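Below is one structure, written out as structure tokens; the observations come after it.
The values are calculated or read from the model by the stated rules, or taken from the named source; none is laboratory data. None of these values were measured; they are calculated from a predicted model. Reconstructed Cβ throughout: ideal geometry from the backbone, glycine too, with neighbour counts over all protein chains shown.
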Amino acid sequence: MTSSPEDSLRLIGEDDRETAVRRLQEAYTEELITHAELDERLHQVLTAKARGELVSALASLPAEQSGSTSTIAAAGGRIRRSGAWRVPRTLKVESAYGKVRLDLSRAVIEHPLVDIELQLGTGGARITVPRDAVVDVEGLVAGWKDLRYKVPGRSRPRGPRIRISGTMGFGRLRIRHARR
């Protein structure tokens, strides 16, 4: 988290705060900071209002390694992932003509936030997310057909946040929560 003088005064959002908390937890797990330092820095992060306060809380930590990003691409045909597959922090899915099926219900999700970036021409996509996941589709632009997603009526989701963005040409995206 490097910053310019103007950037350090910028207000932070929840994503910035969540990233900082995750970095502190990882540093503690890797024994880079003590339990007392973790408590002190977490308090600093959770009460921070400006980006500069986050930077100071993370100052002595090693630089963050670039998040895991994977790309799945196919010109035609199907893209399918299901079962116990490892979901990267950022997943880019590119398909010109085929169908996309991503089942995250039994996948190994190690990150509290997963970004799925879709670049689809024709052909639909169906994404099954864990039962307790929070889905954000604000960054998705659908060209021809509307998105099909019904937000579940339960309270207090505890699972990962799945943020879906990108563009879809002529296909439809269907998102559903797993039943189990």
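Annotations for the structure displayed:
- Residues located in region 2-29, provided they are acidic (D, E) and either at pLDDT 75 or above or in contact with a Pro (Cβ under 9 Å, 6 or more places away or on another chain) (or both): E14, D16, E18, E26
- Subset of region 60-75 (residues that are without any contact (Cβ under 8 Å) to a residue 60 or more places away in the chain, assigned to a loop (DSSP other than H, G, I, E, B), over 13 Å from the mean Cα position of the chain (by Cα) and surrounded by 12 or more Cβ atoms within 10 Å (Cβ to Cβ)): L61
- Test: residue in region 95-117 that is in contact (Cβ under 8 Å) with a residue 12 or more places away in the chain, in contact with a helix residue (DSSP H, G or I) (Cβ under 9 Å, 6 or more places away or on another chain) and assigned to a loop (DSSP other than H, G, I, E, B): yes
- Only a single criterion out of (1) surrounded by fewer than 15 Cβ atoms within 10 Å (Cβ to Cβ); (2) assigned by TED's automatic domain parsing to the domain that holds R172; (3) among the small types (G, A, S) is not satisfied by A96, namely (1).
- Members of region 13-35 that are closer than 11 Å to A57 by Cβ and either outside the structural domain of T47 (by TED's automatic domain parsing) or part of a loop (DSSP other than H, G, I, E, B) (or both): I33
- One residue stands out in region 81-93 among those that are surrounded by 14 or more Cβ atoms within 10 Å (Cβ to Cβ) and either assigned by TED's automatic domain parsing to the domain that holds L24 or in a strand (DSSP E or B) (or both): the one that is nearest to the chain's Cα centre (by Cα), namely T90.
- Scanning region 110-121 for residues that are modelled with pLDDT of 90 or more and either charged (D, E, K, R) or closer than 14 Å to R163 by Cβ (or both) returns V114, D115, I116, E117, L118.
- Every condition in (1) at pLDDT 90 or above; (2) over 25 Å from E18 (Cα atoms); (3) crowded, with 17+ Cβ neighbours inside 10 Å is met by G124 except one, and the failing one is (1).
- Test: residue in region 133-151 that is crowded, with 17+ Cβ neighbours inside 10 Å and assigned to a loop (DSSP other than H, G, I, E, B): yes
- Residue that is surrounded by the most Cβ atoms within 10 Å (Cβ to Cβ) [pool: residues in region 152-180 that are in contact with a strand residue (DSSP E or B) (Cβ under 8 Å, 6 or more places away or on another chain) and farther than 19 Å from E94 by Cβ]: P160
- The lone criterion from (1) acidic (D, E); (2) under 14 Å from the mean Cα position of the chain (by Cα); (3) farther than 23 Å from G76 by Cβ left unmet by E117 is number (3).
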